[in-house]
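Worksheet: the structure to be examined is printed underneath.
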Amino acid sequence: MADITHALSRPRLWQGLSRQRVWLASAAILAVLFLVRPAQGTASLVFTAEALAGTAPFLLLSIAVAAYASATGADNLIARAFSGAPVMMVVFAALVGALSPFCSCGVIPLVAALLAMGVPLSAVMAFWLASPVMDPSMFMLTWGVMGLEFALAKTAAAIGLGLLGGYVVMALGRGGALSNPLREGIGNGGCGGAKLRAPKPVVWRFWQEGERRARFRREAVSVTLFLLKWLTLAFVLESLMLAYVPAETITGWLGGSGAGTVLLAALVGVPAYLNGYAALPLVGGLVEQGMSPGAGLAFLVAGGVSSLPAAIAVWALARPPVFALYLALALAGSVAAGLAFSLLA
């Protein structure tokens, strides 16, 4: 007994369990269902398997895009977006943020590097707001789960949000506001800064180099496991939502197309948002039950930009005025995107 207790106390074991918490959550939910409601457990398991099979083509495309970007070094293209006239810099930064995949260093160290290197906050804000909303892998999965029209709308929302943020910050900056946006003690971004200071050329034919082929394989495996664990949890939760949340409740709260409904969806999206890939099936299920597409878009955009984990990271990096502006722009932009989509859909 003492040996077992000693083994369980090892930090390495707990670290391993922490890394697998998403898989463990899915398994725990299904296990409880089979114990309490066996019929629903079976139904949820079948629903999850069928949903994963249905999104498999888009899942494979997402994995291929992410692995290709890593193997070729396409994330080095980011450095080209932050040069030139400030007005055009905002445009390029919004496009790069919305359309390009990046390495696992993440948005926050890249933002720290950009600001530490003197890149205008307007361009950084455009990139900062657009990047969490969309990338090629997300586009493929959004297409598979929500349809092409919704995927295009979410891409347009990401670019529009980046442009809104960039030009608002540019206007405020002319009056002397928002100077010195970083908190004291923030470094230069680590590996993110290295990519910006000395960008390497992109090698599109990565298969000609053994090290890049190995990187492609590693990234493909990593992305596959990442997407599968989050989509599995999302589809399990969606099966429960469809089974136990009455459609009339969703329609009553989020079924309209007015500003109040879209604003409510955006506000709910901030604390309720778990992960960009996990949120897609959940919103898809809500739309099937009566949620308006505009409210669904507002939920995804607001949640992606200002979810609690992202907000905490921004708070740790930026001074309070910049943090407040980031949240205000995220909320205003997501509501505007939701209203526009409601009118056009």
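Numbers below:
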read-out: Single unsatisfied condition, residue 99 versus (1) over 23 Å from residue 341 (Cα atoms); (2) modelled with pLDDT under 85; (3) of a type in the set (A, V, I, L, M); value: (1)
read-out: Any pair with Cβ under 7 angstrom, 6 or more apart, that starts in the stretch 203-223 at a residue that is at negative phi and ends at one that is among the basic types (Lys, Arg); value: 203/212; 206/212; 206/213; 207/213
read-out: All positions within the stretch 319-337 that are touching a residue at least 60 places away in the same chain (Cβ under 8 Å) and either under 19 Å from residue 171 (Cα atoms) or under 17 Å from the mean Cα position of the chain (by Cα) (or both); value: 319, 321, 322, 325, 326, 329, 330, 331, 332, 333, 334, 337
read-out: Subset of the stretch 21-37 [aromatic (Phe, Trp, Tyr) and either touching a Cys at 6+ places or on another chain (Cβ under 8 Å) or over 17 Å from residue 243 (Cα atoms) (or both)]; value: 23
read-out: Qualifying residue in the stretch 323-334 (condition: hydroxyl-bearing (Ser, Thr, Tyr), part of a helix (DSSP H, G or I) and at pLDDT 85 or above); value: yes
read-out: Residues within the stretch 127-151 that are in a helix (DSSP H, G or I) and either touching a residue at least 40 places away in the same chain (Cβ under 8 Å) or under 25 Å from residue 87 (Cβ atoms) (or both), tallied; value: 16
read-out: Test: residue 71 is in a helix (DSSP H, G or I), small (Gly, Ala, Ser), within 30 Å of residue 211 (Cα to Cα) and modelled with pLDDT of 85 or more; value: yes
read-out: Enumeration of residues in the stretch 158-185 that are surrounded by 24 or more Cβ atoms within 10 Å (Cβ to Cβ) and either within 13 Å of the chain's Cα centre (by Cα) or of a type outside the set (A, V, I, L, M, F, W, C) (or both); value: 158, 162, 165, 166
read-out: Top-ranked residue in the stretch 279-297 [being closer than 15 Å to residue 149 by Cβ and of a type in the set (A, V, I, L, M); ranked as surrounded by the fewest Cβ atoms within 10 Å (Cβ to Cβ)]; value: 287
read-out: Meets criteria (closer than 16 Å to residue 74 by Cα and at pLDDT 75 or above) for residue 202; value: yes
read-out: Residue that is in contact with a Gly (Cβ under 8 Å, 6 or more places away or on another chain), at pLDDT 80 or above and hydrophobic (A, V, I, L, M, F, W, C), where the choices are 33, 60; value: 33
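The values are calculated or read from the model by the stated rules, or taken from the named source; none is laboratory data. Quantities reported herein were computed from a predicted structural model and do not represent experimental measurements. Here the Cβ is made from the backbone with ideal geometry for all residues, glycine too, and neighbour counts use every protein chain on show.
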